[in-house]
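Engineer: Sharing a structure here in structure tokens format.
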Amino acid sequence: MIDIFAKHAGLREAYDALTATSPRNPFEVVIERPVSASVGIIEGRETLLFGTNNYLGLSQSKKAIEAAVETAETMGVGTTGSRIANGTFGLHRKLEARLAEFFRRKHCMVFSTGYQANLGTISALVNKDDILLLDADSHASIYDGAKLSGAQVIRFRHNDPVDLEKRLARLKDHPGAKLIVAEGIYSMTGNVAPLDKFVDIKTRHGAYLMADEAHSFGVMGAHGRGVAEVQGCEDGIDFVVGTFSKSLGTVGGYCVTDHDGVDLMRLCSRPYMFTASLPPEIIAATMAALEDMQDHPELRTKLQDNAARLHAGLQKAGLKTGAHISPVVAVTLETVDQAVAFWNALLENGVYVNLSLPPATPDNRPLLRCSVMAAHSPEEIDRAVTVFGEVARHFGL
Amino acid sequence: MTDSVTDISAMIIEKLLANPKVPRDIDGNSKIVEDLAFDSLAVMNFVMEIEDEIDVSVPLDKLADIRTINDLAGCLHALKVAQA
């Protein structure tokens, strides 16, 4: 009998090597419980959380918690069905209308996760006769959506409008539709995309542009509409995709657009159709968190101040971070062994960050990915910077 | 004029040898994943470098059928001819 797991031998070898040298498994960290948005109990100790996507701290929003409890009590805890069958409650429609209004768009589709929002939007928009142009550092959900679509996929260099234009020029005689996909903020590095430049290019070449604002929704822009709002190019973005699982602190994803054709996506987007819809209490909590976000623009100001404080602190400590100041601040290290030891030392000293390893990182180098929250106090940020500095000195970095 | 498959293969080998981690004894029949120890991301990034040399874009689905350096050269040549 052929061993069905034989194909994972390489992965097993890499996993065993990693866990053999690490005092704990970096992929099995358990947050026993959150104490607040910025502190959790890990290994029995209070630990500063610098590795979540809870940018505005709204996973602990009182308003969202109350909305979820009340809705669960009145409507139950699940829909047990697909959006196109029994899984559309009035609340789903209400959330879609609220999001369309928030983004000033005609249409909104809500998906059960952010991953499915990318999968479901991309796979419904393009097929084998079309071309997808993806930023080389795109999230796995974008690559997986591309695979599900069957479209021809061409990568362009990360955040490089010149390279994108060169590739579009090579396709000038291609008869299919062309869809460019970029992210607002890149999840691993915190890099911000030049969406305004991509809009100029897509207009000149007759292509469509989709922006995944998963990490920038609620985070960037005067109203929280993302990088496109900051760069004043929202009208040029055909489709905006994002998630509730970061700034809004719940789960689920969306696609907003002004294109009327999107209504048919509800009947051909498999990741939308063939899965259970979001439970009512999640929808209620998401709407409440959206209201919280709109009522408290100061959370965004605080977040940006905190991002700048962490970025400057880590740079001053001599660590290598990206150039962009965004709520994702990644420290780049050279080797996996170095990164694993550094990450363990941070956790043992009360700071949790994400250990990100190749090939999920750009340039084949490991990252210690930190994310900032509006809920962090200046003292918590300074404490994290101090611990980073002490650990770096301990390892002679 | 479009370069021949042999010319493109030679250019790929020259580019690969610029990387000190690549074995010195590679030829057109060397397997990119097995012999060069490239993972899927390294293959995609290397192809991106080669694309600019001969001004073509390789759709990702084409990479699934490529095992050797000569396979890659053949694919690039075919794309270049189709584009001409």
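Values quoted throughout were computed directly from the atomic coordinates according to the rules given, and no laboratory measurement underlies them. None of the values given here were measured: they were computed from a predicted structure. Neighbour counts run over all protein chains shown; Cβ positions are idealised from the backbone, glycine included.
Engineer: Counting partner chain Cβ atoms within 10 Å of every residue's Cβ in A:354-364, what's the average?
Structural biologist: Counting other chains' Cβ atoms within 10 Å and averaging over A:354-364 gives 2.
Engineer: Quote the relative contact order of chain B in percent (integer), defining contacts as alpha-carbon pairs under 8 Å separated by 6+ residues.
Structural biologist: 42 percent
Engineer: If you don't mind, there's one more thing I want to ask. List the lysines whose Cα sits under 26 Å from the Cα of residue A:316, skipping any in the same chain fewer than 8 residues away.
Structural biologist: A:302
Engineer: Same structure, new question: In the protein assembly as shown, what percentage of the DSSP-assigned beta bridges are antiparallel, given to the nearest 5?
Structural biologist: 60 percent
Engineer: Between residue A:379 and residue A:204, what is the spin-label point distance in nm, taking each point 7 Å from the Cα along the Cα→C-beta axis?
Structural biologist: That separation, rounded to one decimal, is 5.4 nm.
Engineer: At 0.36 nm per residue, and after removing the present C-alpha to C-alpha distance, how many nm does the segment from residue A:266 to residue A:147 gain when stretched out fully?
Structural biologist: Gain on extension, residue A:266 to residue A:147, equals 40.9 nm.
Engineer: Turning to a different aspect of this structure: Starting with the fewest neighbours, write out B:11, A:287 ranked by other beta-carbon atoms found within 10 Å of each beta-carbon.
Structural biologist: Final ranking by Cβ density, sparse to dense: B:11, A:287.
Engineer: Any chance you could run the full-extension gain for residue A:129 through residue A:46? It's 0.36 nm times the residue separation minus the Cα-Cα distance, nm to one decimal.
Structural biologist: 24.5 nm
Engineer: List B:53, A:73, A:229 from most exposed to least, where exposure is judged by having the fewest other Cβ atoms within 10 Å.
Structural biologist: A:73, B:53, A:229
Engineer: Next up: What is the distance in Å between the Cα centres of region B:1-40 and region A:37-66?
Structural biologist: A separation of 49 Å, based on Cα centres.
Engineer: Continuing with the same structure: Compute the relative contact order of region A:1-111 as a whole-number percentage, counting only Cα pairs closer than 8 Å that sit 6 or more residues apart in sequence.
Structural biologist: RCO, region A:1-111: 10 percent.
Engineer: Something else about it: Which order results if A:204, A:365 are arranged by neighbouring Cβ count within 10 Å, fewest first?
Structural biologist: Ascending number of Cβ neighbours within 10 Å: A:204, A:365.
Engineer: Past 31 Å, Cα to Cα: identify those pairs from A:63/A:320; A:178/B:21; A:147/B:15, in the order given.
Structural biologist: In this structure, A:63/A:320; A:178/B:21 lie more than 31 Å apart at Cα.
Engineer: I would also like to ask the following. What does the C-alpha gyration tensor say about the overall shape of the protein assembly as shown? Classify as rounded when a/c is under 1.5, otherwise prolate if a/b is larger than b/c, or oblate.
Structural biologist: Because a/c hits 1.5 or more and a/b fails to exceed b/c, the protein assembly as shown counts as oblate.
Engineer: Residue B:55 to residue A:259: FRET efficiency via 1/(1 + (r/R0)^6), r the Cβ-Cβ distance, R0 25 Å, to the nearest 0.05?
Structural biologist: Here the calculated transfer efficiency is 0.15.
Engineer: Let me know the shape class of region A:1-105, please: from the alpha-carbon gyration tensor, a ≥ b ≥ c as square roots of the eigenvalues, rounded when a/c is under 1.5, otherwise prolate if a/b is greater than b/c, or oblate.
Structural biologist: Oblate, because a/c is 1.5 or more while a/b does not exceed b/c.
Engineer: Sticking with this structure for a sec: Treating the beta-carbon of each Lys and Arg as +1 and of each Asp and Glu as -1, no other charges, what is the dipole magnitude of region A:121-232 about its Cα centre, to the nearest 20 debye?
Structural biologist: 340 debye
Engineer: If you take the charge dipole of region A:200-357 about its Cα centre, with +1 on Lys and Arg Cβ and -1 on Asp and Glu Cβ, which of A:214, A:330, A:203 is farthest toward its positive end?
Structural biologist: The residue sitting most towards the positive pole is A:330.
Engineer: Another question, if that's okay. Calculate the mean, over all residues of peptide B:51-59, of how many other protein chain Cβ atoms lie within 10 angstrom of the residue's Cβ.
Structural biologist: 4
Engineer: In addition: Taking the Cβ of residue A:160 as the centre, find all other residues whose Cβ is under 11 Å away and add up their charges (Lys, Arg: +1; Asp, Glu: -1).
Structural biologist: Value of the local net charge: +1.
Engineer: Do you know the relative contact order of chain A, to the nearest whole percent, from alpha carbon pairs under 8 angstrom that are 6+ apart?
Structural biologist: In percent, rounded to a whole number, it is 23.
Engineer: Now a separate question. Calculate for chain A the 222 nm mean residue ellipticity that helices alone would give, adding -39,500 (n - 2.57) per DSSP H run of length 4 or more and normalising by residue count, nearest 500 deg cm²/dmol.
Structural biologist: Result for chain A, helices only: -12500 deg cm²/dmol.
Engineer: Below 12 angstrom from the Cβ of residue A:146, what's the summed charge of the other residues (Lys, Arg +1; Asp, Glu -1)?
Structural biologist: -1
Engineer: Something else now. For the peptides A:291-302, A:273-284, what is the packing order when you average, over each peptide's residues, the other Cβ atoms within 10 Å and list the highest mean first?
Structural biologist: Most protected by this proxy first, the peptides run A:273-284, A:291-302.
Engineer: What aspartates and glutamates does residue B:80 reach when the alpha-carbon gap must be under 17 Å and sequence neighbours fewer than 8 apart in one chain are set aside?
Structural biologist: A:173, B:3, B:7, B:49, B:51, B:52, B:53, B:55, B:61, B:71
Engineer: Just checking the output field for B:33-42: average partner chain Cβ neighbours within 10 Å of each residue's Cβ?
Structural biologist: Partner-chain Cβ atoms within 10 Å, mean over residues of B:33-42: 2.
Engineer: If we count every other residue with Cβ under 12 angstrom of residue B:63's Cβ, Lys/Arg +1 and Asp/Glu -1, where does the sum land?
Structural biologist: Here the count lands on -1.
Engineer: Give, in nm to one decimal, the length gained when the segment between residue A:251 and residue A:77 is fully stretched (0.36 nm per residue of separation minus the Cα-Cα distance).
Structural biologist: Here the answer is 61.2 nm.
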